[in-house]
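Right, one structure below, let's go through it.
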Amino acid sequence: MSGLMVGKNIVIMGVANERSIAWGIAKSLHEAGANLIFTYRKERSLQKLTDLLQKEGVQALDCVPCDVAEDASIEAAFARIQEKAGVIHGLVHSIAFADKEGLQGEFMNTSRASYHQAQDSSAYSLVAVAKEAKKLMTEGGSIVTQSYLGAERVVKNYNMMGVAKAALEASVRYLAEDLGKYNIRVNAVSAGAIRTLSAKGVSGFNDIMGTIEEKAPLRRNVDQSEVGDATLFLLSHLSRGITGEVLHVDAGYHILG
Ligand code: NDP
């Protein structure tokens with residue numbers, strides 16, 4: 001795989017710490033020779049990211065603040081990325097947010113405010129960043145987001161986040177149609193359950209992991225490196241004929257009834 005992404009500038013959004021799916025993706029991309037630009041929201045995430053980059057010997061092109069809930073923040077981030085990189089060839093959207101109270105009990109009780117926040121941060125954010133990324137993808141490009149099975153099926157406690165992921169996957173298809181004429185592809189990875197900071201907010205997460213280990217065709221859970229390699233594939237020319245797709249990286253769990 002080494003050399004696959006040499007000369008490609010890829011923006012990675014969503015590293016909070018070493019467990020983040022986005023960090024698994026960053027490692028796969030780095031091994032493939034890509035130039036990496038990171039965006040972060042919290043200062044704590046920047047600190048973790050800086051430490052990780054140093055530890056792994058990864059030289060990032062830049063680390064840029066970006067709150068995807070704010071249009072002005074997104075515009076400022078991509079203006080800075082343009083200054084630094086000029087052209088970009090790929091974008092990784094690995095971002096979601098929901099308040100913890102909404103991720104338990106009955107979906108019916110979701111408040112309007114929680115619902116909006118989950119949709120805005122987790123689904124609309126892809127639309128908003130795709131619009132800015134397009135301006136810098138003058139040589140074509142590939143955008144990959146991270147989804148979950150709760151988009152397709154009722155997963156206990158996933159509630160409004162499942163509805164947000166359904167909107168995210170539909171957005172992938174509409175964006176793929178809009179951006180295809182510019183040779184920009186848009187796809188999602190639907191990852192299996194992985195222990196991360198965000199996953200801590202989902203009630204009963206350990207039970208989900210236990211069930212997957214017992215029942216998934218591969219009889220195990222997946223890890224960040226497997227999602228990283230699949231995302232690398234979707235970002236690379238190896239997947240040049242694929243757009244509007246949701247690729248499951250979940251040890252096959254989604255095929256079960
Ligand atoms: P992490 O907590 O490691 O990553 C979530 C990231 O989202 C953080 O970097 C956080 O940044 C960022 N974020 C949230 N809100 C905003 C915002 N308004 N602006 C900018 N960044 C924001 O968890 P994961 O790696 O698990 O999550 C990454 C993606 O993978 C999510 O979309 C998640 O739904 C998806 N996924 C996760 C699965 C799992 O089991 N873990 C399974 C399938 C999909 P900060 O901390 O700086 O606010």
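Things worth noting here:
- Restricting region 177-191 to residues that are surrounded by 19 or more Cβ atoms within 10 Å (Cβ to Cβ) and of a type outside the set (Lys, Arg), the residue that is farthest from Thr243 (Cα to Cα): Ala191
Per-residue answers, yes or no, for (1) within 30 Å of Tyr182 (Cα to Cα); (2) of a type outside the set (Val, Ile, Thr); (3) in contact (Cβ under 8 Å) with a residue 24 or more places away in the chain:
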| residue | (1), (2), (3) |
| --- | --- |
| Arg19 | no, yes, yes |
| Trp23 | yes, yes, yes |
| Asp51 | no, yes, no |
| His89 | yes, yes, yes |
| Val92 | yes, no, yes |
| Ile95 | yes, no, yes |
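- For Glu56, the stated conditions hold: it is over 15 Å from the mean Cα position of the chain (by Cα) and either away from the ligand (no atom under 13 Å from the Cβ) or closer than 17 Å to Ser198 by Cβ (or both).
- Exactly one residue out of Ala199, Ala230 is of a type in the set (Gly, Ala, Ser), under 16 Å from the mean Cα position of the chain (by Cα), assigned to a helix (DSSP H, G or I) and over 24 Å from Gly105 (Cα atoms): that is Ala230.
Residue-by-condition table, conditions (1) surrounded by 19 or more Cβ atoms within 10 Å (Cβ to Cβ); (2) touching a residue at least 24 places away in the same chain (Cβ under 8 Å):
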| position | (1), (2) |
| --- | --- |
| Asn159 | yes, yes |
| Arg195 | no, yes |
| Asp250 | yes, yes |
| Gly257 | no, no |
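- In region 110-134, the residue that is surrounded by the fewest Cβ atoms within 10 Å (Cβ to Cβ) out of those that are within 27 Å of Lys181 (Cα to Cα) and β-branched (Val, Ile, Thr) is Val127.
- Cβ-Cβ under 8 Å pairs, at least 6 apart or on other chains, region 204-218 side closer than 14 Å to Ile194 by Cβ, far side assigned to a helix (DSSP H, G or I): Phe205/Ala199; Ile212/Tyr253; Ala216/Tyr253
- Residue satisfying condition, being touching a Gly at 6+ places or on another chain (Cβ under 7 Å), of a type in the set (D, E, K, R) and closer than 28 Å to Gly102 by Cα, within set Asp250, Asp207: Asp250
- A residue that is out of contact with any strand residue (DSSP E or B) (no Cβ under 7 Å at 6 or more places or on another chain) and either assigned to a strand (DSSP E or B) or of a type in the set (A, V, I, L, M, F, W, C) (or both) can be found somewhere in region 134-150.
- Filtering region 171-196 to residues that are more than 15 Å from the ligand (Cβ to nearest atom) and of a type outside the set (A, V, I, L, M) leaves Arg173, Tyr174, Glu177, Asp178, Gly180, Lys181, Tyr182, Asn183, Arg185.
- Of the helices (runs of 4 or more DSSP H) lying entirely inside region 1-103, those containing at least 3 residues that are exposed (fewer than 14 other Cβ atoms within 10 Å of the Cβ) span 43-56, 71-85.
- Single unsatisfied condition, Ala170 versus (1) of a type outside the set (Phe, Trp, Tyr); (2) part of a helix (DSSP H, G or I); (3) in contact (Cβ under 8 Å) with a residue 24 or more places away in the chain: (3)
- Screening Ala32 with (1) touching a Cys at 6+ places or on another chain (Cβ under 8 Å); (2) more than 12 Å from the ligand (Cβ to nearest atom) gives one miss only, at (1).
Coordinate-derived values only; no laboratory data. Model, not experiment: these values are computed from the prediction. Note: ideal-geometry Cβ built from the backbone for every residue, glycine included; neighbour counts use all protein chains shown.
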